1. Quick one: in the protein assembly as shown, what % of C-alpha pairs are over 34 Å apart?
2. B plus A alone minus the pair: what accessible area, both sides summed, probe 1.4 Å, in Å² to 100?
3. Convex hull over the Cα atoms of the range B:4-126, averaged projected area in nm²?
4. Find the eigenvalues of the gyration tensor of the Cα atoms of the range A:205-247, then list the square roots of 5 times those eigenvalues as equivalent ellipsoid semi-axes, largest first, in whole angstrom.
5. Could you tell me which GluC sites (Glu not before Pro) in the range B:12-107 are loop residues by DSSP with no more than 10 other beta carbons within 10 angstrom of their beta carbon?
6. Under unit Cβ charges (Lys, Arg +1; Asp, Glu -1), what dipole magnitude, rounded to 20 debye, does chain A have relative to its Cα centre?
7. Any idea what Rg and Dmax come out to for the range A:187-286 if you just take the C-alpha atoms, in Å?
8. Test of understanding: what is the full-extension gain from residue A:420 to residue A:35, defined as 0.36 nm times their sequence separation minus their Cα-Cα distance?
Amino acid sequence: MHVTTEKFHGRAKKAIANKNLQGGLFIIGKIFTAMRDHAMAQMPEFEALRDQARDIKRHTLENLDTYLQQFEERVIENGGRVHWARDGEEANRIIAQLCKEVDAQTVIKSKSMVTEELELNPALEAEGLAVTETDLGEYIIQLRGEKPFHIVAPAWHLTAGEVADTFYEAHKAHGRTERVEDKVKLVEEARIVLRERFKKADVGITGANFLIAETGSIALVTNEGNADLCATLPRKHIAVTGIEKIIPTLDDLALFWRVLPRSATGQDTANYLSLYSGPRREGDADGPESFDIVLVDNGRSDMLGTAVEDMLRCIRCGACLNACPVFTSVGGQTYGSVYSGPMGSVLTPALTSVSQAAMLPNASTFCGKCEEVCPVRIPLPSMMRHWREEEFSKHYSPAAQRWGLGLWAYAARTPWAYRLATTWGRKVLALMGGKERVAHALPFIGKGWSEKRDLNVGEGATFLEQYERRKRRGGAKGERV
Amino acid sequence: MPHPSAASKKVGLFATCLVNTMRPRVGFAALKLLEEAGFEVEVPKEQTCCGQPNYNSGDRNGARAMAEHFLKTYEGFDYVVVPSGSCGAMVRVHYPKLFEEGDPRRPRMEALAGRTYELVSFLSDVVGIELAPATVPLSVTYHDACSGLRELGIKAQPRALIGQKKCEVKEMEDAEVCCGFGGLFCVKYPEVSGEMVRRKTEAALASGAEALVTGDVGCLLNMEGALLREGKEIKALHIAELLADMTE
């Protein structure tokens, strides 16, 4: 998984200045969250369901080996195969090999964040395969060569006009000569182009929202129906997902089925919940000839038993992204990781390293809204703090910052030094504030402040000095000196 | 009129580093409110910072040392009161976690955390204070600072006390959305913080209130600073200033 988190600031500035993108973020921040809140209000038991969802995931993670083994046994009984991939490279190699087994030329895919993480598409293309994303949003960003903007809504940052331009260029080869901007017509156009790909594809690759251990099934939660075409039309169906997606039983799925769509989009239910449990059996009218599941570790098992184990509960609903004031200011591509927002800020350092991704867990005010909405109650702020502690203890944070914090910690347990520092600090601020007592340009670390803000420097000495003076004069209660 | 809960209770006021250096008036407002409620209030000279800059920057050891200093400074008080939701939450919610189970400091820290209150929740939930109407009633919009709201459950209390002052509350849209301060976040991610505070102050202005009020000096300076930069005419006040009639 490649990350470019170091370019966060530059991309954030561009995203904030991009009106179209801000329009998309406005809808995410206002409408998505309102839809979720509405769905919650309809369901008084939702808080209890969150507890149950957390407990099921917790139990499953504690017994991960058992459930994964059970899952594999059931899949084999159902006539499918399970492949274990330690890392991204191995996963991509296995998937390419599976495609070769059936002499595949063309692959269709439904939306899968794990395959984004693996960078599967370029790996398959390097093997000579033609890969088409069939989720509308993923299809659009594939044509544009972009990374997902949001884990649930990958092309949300684009306007119909931008999509029209993309389609106009890309679909010329399909004999389409007209640029249309009407949203219904754009969907129709994508549908016509994609339908041909569906019909011709040799292999269909899907993700999996859940793996059900007791039946050896995968569950897909979608709105467009494209995943079902990927899973049923081609000769081979390959499902690729992370090992943490396992849950014990179908009853557990029923619970997550109530929690996931409501958290993601505020829908009572997504349009499709599909269970796939193996290849076409004798007498079946349709279905693939072979069914393979690639279970990806890629850093996940290393998270077990650590301070970030709880992150493995994540069901990728995107509620924390929608609720996050940082995400809704800058959008997902700013993060430089396919996983963005609070969940991405915790997961990305775990799947890469703190030194590569420290920018992300620091991109939070710890406002706590993400934890408030997480359907499986992941303590996201504490885990971001954990990564900051790793960063600090490994000396990755800038030296000036470390020195500053060290001095401050010294002053804060040495009262005379603290009083001296704050007394002089106030004198300097008073000078900078001038007659109007407002500073417009601060030096050093304050530069970031005065980029967007002035500073009311107030009047008089520090509170402690003023209070001591009051005491010496025997001043009246509440009186200021 | 001394309040019954105040009888012979000694309160230690923790003014926080931001009140001490940036907004001393908030300290005097808190002092006035507590003294008028009949408490004997002391301002320990040894007080410093709660340690959030270090804690939130990953310097757990530094933060622990500061927690220990706080323990030393305030352990002798019946109550500790803090005019800040985030410093209050630092003490109440986070301090005990800085000491391992089995560490003798941990139960002491837990006990002190239990006696430490953010100012408004102390006045409402512990004291059950009744305030006289404001001399100059203002219409106000209240920003729910994040830590106070989500870690200490402060939501109804400030609005109820503003009501006692006979000040009208004009709710802004997204009152619960972060203002973008976030301690060092605002200087480390100025572009994001700037956008967040732009949205926040826009919502505050749209409320039509005469004053923007909140319970944390950090958030207050951030929002006030953005309003000053934009040249907008709306008073920015700490809740203690409003409640203590120190609004001018």
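The values are calculated or read from the model by the stated rules, or taken from the named source; none is laboratory data. Owing to the predicted nature of the structure, the values given are computational and were not obtained by experimental measurement. Reconstructed Cβ throughout: ideal geometry from the backbone, glycine too, with neighbour counts over all protein chains shown. Surface areas here come from the heavy atoms of the whole protein model, side chains and all, with no ligands, DNA or RNA. Shrake-Rupley method; radii C 1.70, N 1.55, O 1.52, S 1.80 Å.
1. Across the protein assembly as shown, Cα pairs with separations above 34 Å total 51 percent.
2. 5900 Å²
3. 7.2 nm²
4. Its equivalent ellipsoid spans semi-axes of 18, 11, 9 Å.
5. B:100, B:101
6. In debye, rounded to 20, chain A gives about 3280.
7. 14.5, 41
8. 133.4 nm
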